[in-house]
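Here is the structure we will look at, set down as structure tokens.
Readers should treat all values here as calculations from the given coordinates under stated rules, not as data from a laboratory. Just so we're clear, the structure is a prediction, and the values are computed from it rather than from any experiment.
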Ligand code: HEM
């Protein structure tokens, strides 16, 4: 993955907008909405934003506030199967469209999100 090219186009502001567009879709979502903390959606939004700035831009704020990401462990309290994974990716796809993420960067971000989302799965397909 070409993190430098992604960061050059998205930057801090681009990821802020992307995450805002993603989280705007969460409360009304029948599958994912109930999983997120209704009283701290802004906090959840901030954590994803800082994680993306960390993972794709080398920004240290996420680590300073949250330590090692341990994403798989942090997703264990939630039941994540194929349907939840695919819904997360669908909402992120819609957010990327809304934010008019360029085709080249999108072709890098899509497989990145898909890989991480699949790694979060903690339920076998039935
Ligand atoms: C596969 C479907 C996914 C579901 C259902 C899901 C759900 C959740 C939920 C319910 C939280 C707790 C919200 C909070 O209070 O922070 C969370 C946290 C988080 N998720 Fe996901 N997530 C998914 C995939 C992903 C992916 C693909 C990424 C990264 C690209 C990601 C990154 C994060 C981060 C960084 C946090 C905050 C971790 C922390 O506590 O520092 N998630 N997720």
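List of remarks:
- Helix 3-24 vs. the chain, principal-axis angle (Cα, 0 to 90°, nearest 10): 40 degrees
- Mean-position separation - Cα centroids, the range 68-126 and the range 1-37, in angstrom: 10 Å
- Structure-based [θ]222 nm, the chain - -39500 (n - 2.57) summed over DSSP H runs of at least 4, per residue, nearest 500: -21000 deg cm²/dmol
- Compared with the dominant Cα axis of the chain, that is its longest principal axis, helix 41-57 is turned about 50°.
- Tensor-based shape of the chain (alpha-carbon gyration tensor, a/c under 1.5 rounded, otherwise prolate or oblate): rounded
- Rounded to 10°, Cα long-axis angle of helix 103-119 versus longest principal axis of the chain: 30 degrees
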